[in-house]
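Written below as structure tokens is the structure these notes are about.
Coordinate-derived values only; no laboratory data. As the structure is a computational prediction, the values presented were derived from the model and not from experiment. Heads up, the Cβs are rebuilt from the backbone with ideal geometry, glycines too, and the neighbour counts pull from every protein chain shown.
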Amino acid sequence: MLGVYLSGTGNTKHCIEKLVKMLDISAKILPLESENVIDEIKSNDTIVLGYPTQFSNAPYMVREFIISNANIWRGKKILCVATMGAFSGDGAGCTARLLKKKGAVILGGLHIRMPDSVCDSKLLKKTVEENRKITVEADKKIEKTVQNIQNGKYPKEGINFLSHMIGLFGQRLWFYSKTSHYSDKLKISDSCIGCGVCSQICPMKNIVIDNQKAVSGSKCTMCYR
């Protein structure tokens, strides 16, 4: 078993590490941007793939990774795990459908609510105590899911036709215009002091420090790190 995740602020990383280690203590867990992630996927039969949903869709980086490496998925057994701030009709289904087209076998889908990592919506802002409670409930759901999987029952959240319709008409169609101004060019604030932290954690290696100022390339995937 192999755990692979895209995580902006740590929510998805936490969930995948807990889930996979409870299923197989010896399993490797890698971020999607890891240099050897493709080789690890090729050498493992079962993959747990986790990512945060963005407007009831998988992040661009995840979808692009699947498409760009189309030849590595055939015959792989995959559990799709989507973390979310509030709602995702088919967050897991977005990658499940894509992976199935590439020849993967979809074991199931799991949706896990975690503290919203962006809070660009006032409705999703919570207190620290509320976020702690959300995380506790998430851990409980993971533990229950592990028990069910060990008994041969995989979760099926977000991967059926009804979930697809809910995700499409409940969110994606409504929010296409919201993302129309998004760009692959990251905007650097004048407040930048050139500390270098952003360049170190950028999953796309898209940011460099030049003359004590962060400079962005054109590969931003809006991971919110």
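Antiparallel versus total DSSP beta bridges in the chain: what percent is that, nearest 5? Antiparallel: roughly 10 percent of the beta bridges in the chain. Ordering G158, I78, M222 by Cα displacement along the dipole of the chain toward the positive end leaves G158 in first place; charges were set at the Cβ atoms of Lys, Arg (+1) and Asp, Glu (-1). For region 41-127, trypsin sites (Lys or Arg not before Pro) meeting the loop criterion (DSSP other than H, G, I, E, B) and having at most 11 other Cβ atoms within 10 Å: R74.
How high is the relative contact order of region 24-105? Use alpha-carbon pairs under 8 Å, at least six apart in sequence, and give a whole percent.
Values: 95 pairs, mean separation 27.2, N = 82.
Computed over region 24-105, the figure is 33 percent.
Just checking the listed ones, K187, K133, K13: in the Gaussian network model of the chain with Cα springs under 10 Å, the one fluctuating most is K187. Split the chain at each of the chymotrypsin sites (Phe, Trp or Tyr not before Pro) in a DSSP loop with at most 13 other beta carbon atoms within 10 Å, and the longest piece is 1-175.
Cross-link pairs exceeding 24 Å between alpha carbons, from the set K42/K144; K13/K126; K13/K77; K187/K213: K42/K144. Seen against the Cα atoms of the chain and their longest principal axis, helix 91-101 is set at about 70 degrees. Around the Cα centre of the chain, unit charges on the Cβ atoms of Lys, Arg, Asp and Glu (plus for the first two, minus for the last two) sum to a dipole of about 480 debye.
Against the set (1) 17.7, 57; (2) 19.7, 65; (3) 18.9, 68, the structure's computed Rg and Dmax of the Cα atoms in Å falls on (1).
In the chain, helical runs assigned H by DSSP with n ≥ 4 each contribute -39500 (n - 2.57); averaged across all residues and rounded to the nearest 500, the mean residue ellipticity at 222 nm is -10000 deg cm²/dmol.
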